[in-house]
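Only the coordinates and a few stated rules stand behind these numbers; no lab work does. The structure displayed is predicted, hence computed values, not measured ones. Cβ sites come from the backbone with ideal geometry, for glycine too, and all protein chains shown count toward neighbours.
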Amino acid sequence: MTARIIDGKAVAKKLRAEYHGRLEHLVAEHGLTPGLAVILVGSNPASRLYVNNKVKACAEVGIRSERIEMPVDVAEDLVLAEIDRLNADPTVHGILVQLPLPPHIEIRRVLERISITKDVDGFHLYNVGSLLAGSTIFPPCTPYGVQKLLEHENVQIAGRNVVVVGASNIVGKPVAMMLMAQDATVAICHKMTRDLAMFTLMADILVVAAGVPNLIVPQMVRTGAVVIDVGINRLTDGRVVGDVDFEGVRKKASLITPVPGGVGPMTITMLLYNTLRSAERTVGIGDPTEALLSA
């Protein structure tokens, strides 16, 4: 068996074309252009690259973007004041604070200052906590991208065994909650899990987001499993790899995502979607109180 590769770039391109069409309708019928504001604190090269990619993606689908750059030693109160300004700006429908932040700034305080109606990254405590109830205003972008990839490939989730390797608040826990809401049986593993292979071998769907290169090798994967690799690791030789031994595991899996080119393009795509939906909600398109997990 050789797994079919899930082309995240192709899926993202298809979805972005759909969103562009919806955006054109929003502009034509309501005169409203969705706006995304991104706050970048400091000059971390990786963060700057991520912000540039998000701004570029916004331009691709027609979303207006605003980049706010602040020095690395900026006072926390000034960051909070900028968020307050953006919360009050009706032309801004999504607010994103690029992480990580400098040590003197409390991340949770910053994220919870963002209005829940503009929290398009899905990191506000309200949105994260609402996942436990199977609904949220804005699903976190990377887990949402994982879900959309599975939907695109018509992977049955209800009744399947799902194992998530990695228990972060950004990926592991949210993706587990989202798939559990679709009636999957979910196990969450992490760095303290003993006999990791005992769990991964039970997985019909294996989602790996541990940040450890080649953590998952072929003998840890059930034949025919669907493998979603969320890991992004840069090796000393400059290569970017995931958490899964791609060449080895693809010989046992039925579907597998590559790194790069798998989940990564979907993360930004779902950010665009959340921003679009935020704008649509302001003019009454869709139920303003709806949960968006099945959108």
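Pairs of Cα atoms nearer than 8 Å and 6+ residues apart set the relative contact order; for the stretch 1-154 it is 21 percent. Per the Debye calculation on the stretch 33-117 with a single equal scatterer at every Cα and no solvent contribution, log₁₀ I(q)/I(0) for q = 0.15, 0.20, 0.25 Å⁻¹ amounts to -0.52, -0.92, -1.32. The phi-based Karplus calculation (6.51 cos²θ - 1.76 cosθ + 1.60; θ = phi - 60°) puts the 3J(HN,Hα) values of the stretch 243-257 at 8, 10, 5, 4, 5, x, 5, 5, 7, 10, 7, 8, 9, 8, 9 Hz, whole numbers, x for Gly and Pro. Please list the non-local residues whose amide H lies under 5 Å from the amide H of V41, H modeled 1.01 Å from N, same-chain partners needing a gap of 5 or more. Long-range HN contacts for V41: M70, Q98. Take every DSSP beta bridge whose two residues both sit in the stretch 141-263; close to 10 percent of them are antiparallel.
Using all C-alpha to C-alpha distances in the stretch 45-199, build P(r) with 5 Å bins and read off the rounded percent in each one. Pair shares across the bins are 1, 8, 15, 18, 18, 15, 12, 7, 4, 1, 0. So what does log10 I(q)/I(0) come out to for the chain at q = 0.09, 0.10, 0.16 Å⁻¹, using the Debye formula with one equal point on every Cα and no solvent? Summing over Cα pairs of the chain leads to -0.44, -0.54, -1.32.
Over the stretch 171-212, the hull volume per residue, using the convex hull of the C-alpha atoms, is 70 Å³.
Mean projected area of the convex hull spanned by the Cα atoms of the stretch 154-243, taken over all viewing directions: 6.2 nm². Based on DSSP, what percent of beta bridges with both residues in the chain are antiparallel, to the nearest 5? Percent antiparallel among DSSP bridges in the chain is about 5. A protection proxy built from the mean count of other Cβ atoms within 10 Å ranks the segments 185-197, 264-276, 113-125, 14-26, most packed first, as 264-276, 113-125, 14-26, 185-197.
For helix 141-152, report the angle its Cα long axis makes with the longest principal axis of the Cα atoms of the chain; keep it between 0 and 90° and round to the nearest 10°. In the chain, helix 141-152 runs at an angle near 60 degrees to the longest axis. Among 157-167, 37-47, the peptide with the highest mean count of other Cβ atoms within 10 Å heads the list, and the full ranking is 157-167, 37-47.
Dividing the convex hull volume of the alpha-carbon atoms in the stretch 86-136 by its residue count gives 80 Å³ per residue. Per-peptide packing, taken as the mean over residues of other Cβ atoms within 10 Å, places 241-254, 50-63 in the sequence 241-254, 50-63 from highest down. Relative to the longest principal Cα axis of the chain, at what angle does helix 45-61 sit, 0 to 90 degrees, rounded to 10? With rounding to tens, the tilt is 70 degrees. Here the Karplus relation 6.51 cos²θ - 1.76 cosθ + 1.60, evaluated at θ = phi - 60°, turns the backbone of the stretch 116-132 into coupling constants of 5, 7, 10, 7, 6, 7, x, 9, 4, 3, 4, 5, 5, x, 5, 4, 5 Hz, with x for every Gly and Pro. Here the Karplus relation 6.51 cos²θ - 1.76 cosθ + 1.60, evaluated at θ = phi - 60°, turns the backbone of the stretch 5-11 into coupling constants of 7, 7, 8, x, 5, 5, 5 Hz, with x for every Gly and Pro. Axis of helix 76-88 versus longest Cα principal axis of the chain: the two differ by about 80°, to the nearest ten degrees. For the residue pairs K148/K191; K14/K54; K13/K148; K9/K54; K148/K251; K9/K56, the alpha carbons lie more than 21 Å apart in K148/K191; K148/K251.
Remark on S65: its backbone amide H falls under 5 Å from those of L36, a criterion applied only to residues 5 or more positions apart or on other chains, H modelled at 1.01 Å from N.
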